[in-house]
Each structure stands twice: as C-alpha cells, then as structure tokens.
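Below is one structure, written out as structure tokens, with a few remarks after it.
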Amino acid sequence: MIHLTERITVSGHIDDTLELPFDLRQKSRLRVTLASGKEAGLFVTRGTILRGGDLLKSEDGSLVVQIVAAQEPVYNVIAPTPRDLMCAAYHLGNRHVPLQIGDGWLRLEQDYVLRDMLLGLGMQVSEVDAPFEPEAGAYGGGHRHGHDDDDLQSLRPKGRGRAHG
C-alpha cells in the first residue's frame, strides 16, 4: 500500500489525485482510494487540514498526489446588506460553526437548525453541492504551508504577503 506522508508545496508533476470532503480532509490517518484506483494510506501530522490543491508525496518519494476538495451538500448564504452578512457570520462564529467566507457570501455545512436561524435573520439560504473550504481560524490552526516564515504569518489577512493555495 502507498503511504502518503509528506505535504509539499511544489512539484514538477502530479501522478494522481485524491478527492475528499472536508470532514475527511481533517483526518490525519485514513485509508483512501486514489483516482487511479490505487489504495493508499494517509499519514499526515495531527491537526493538519488538507485543502483543495494541496500536494502530498509518498513515503518512498515515488508518487505526488494532489488533493481535490469534493463537492458536498452545503448552504450558500447571502444577505441584503454587508452589515447583515457580518451579523450572520457573528452568530455562526458564536456557535463555532466552520465557515467559508467569500466576497459577499458565506458557506457552511447543511444543518436545518442553522438554516432556520439564518432565515430568521433575513438571509437568503440556498442548498448547493460545492467544495467546502472553511477558514482555518484566527490562531493558525489548520492550513499551514512549509514556506510560512513564522507563526504570525498565519494571522495575516489573505492577499497580504501570503501565498494561499
């Protein structure tokens, strides 16, 4: 069995892909089937959250696999005003809900209780199948790259001196 053990930032080639939903991209130990049909074991550092586009190298260095964020059932949330959207984000954050933040929209895993809360706040909530890439958190938990120069790097807003893939 192939052992995928090392996250890398650059590769001259990609040998295979691995499509996973968000809940499985958070696991550090997992038996998987690559797109080619090959069986593999995922062995990454505990606390790692894999993102779409991340690259993993096999233990023996012979294989590079690209992670694909799977389409999964999520809610897309839009609001009448930017302030209303910030209010919805506040209430979801207060409940520690993993949340993807886009330009004028929010995305979260489907949960009818949260949907009802959002509708009560005046949000427009639609059910879609899409990749789910929630924020890593203010203290750097989750998405990290080997090229990050220090712990403060993960606290910088996206688009300001940090390559984010």
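The values are calculated or read from the model by the stated rules, or taken from the named source; none is laboratory data. No experiment lies behind these values; they were computed from the predicted model shown. Every residue, glycine among them, receives a Cβ derived from its backbone with ideal geometry; neighbour counts consider all protein chains shown.
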- Quick check: is even one residue across the range 116-123 surrounded by 15 or more Cβ atoms within 10 Å (Cβ to Cβ) and touching a residue at least 60 places away in the same chain (Cβ under 8 Å)? no
- Task: Kindly provide the set of residues from the range 69-85 that are more than 17 Å from the chain's Cα centre (by Cα) and loosely packed, with under 13 Cβ neighbours inside 10 Å, ordered by number.
- Result: Pro80, Thr81, Pro82, Arg83
- Note on the structure: All conditions in (1) assigned to a loop (DSSP other than H, G, I, E, B); (2) without any contact (Cβ under 8 Å) to a residue 40 or more places away in the chain; (3) under 18 Å from Glu135 (Cβ atoms) are true of Ile49 except (2)
- Within the range 38-68, which residues are surrounded by 15 or more Cβ atoms within 10 Å (Cβ to Cβ), more than 18 Å from Pro21 (Cα to Cα) and small (Gly, Ala, Ser)? Ser58
- Message: Residues that are surrounded by 19 or more Cβ atoms within 10 Å (Cβ to Cβ), in contact with a Gly (Cβ under 7 Å, 6 or more places away or on another chain) and modelled with pLDDT of 95 or more: does the range 86-109 have at least one?
- Response: no
- Residue check, Ala130 against (1) modelled with pLDDT under 90; (2) outside any loop (DSSP other than H, G, I, E, B); (3) surrounded by 15 or more Cβ atoms within 10 Å (Cβ to Cβ), all met but one. Which one? (1)
- Given (1) under 22 Å from Gly137 (Cα atoms); (2) surrounded by fewer than 17 Cβ atoms within 10 Å (Cβ to Cβ), number of the condition Thr5 does not satisfy: (1)
- Message: Can you pull out every residue in the range 57-84 that is of a type in the set (A, V, I, L, M, F, W, C) and under 18 Å from Glu133 (Cα atoms)?
- Response: Ile67, Val68, Ala69, Ala70, Val74, Val77, Ile78
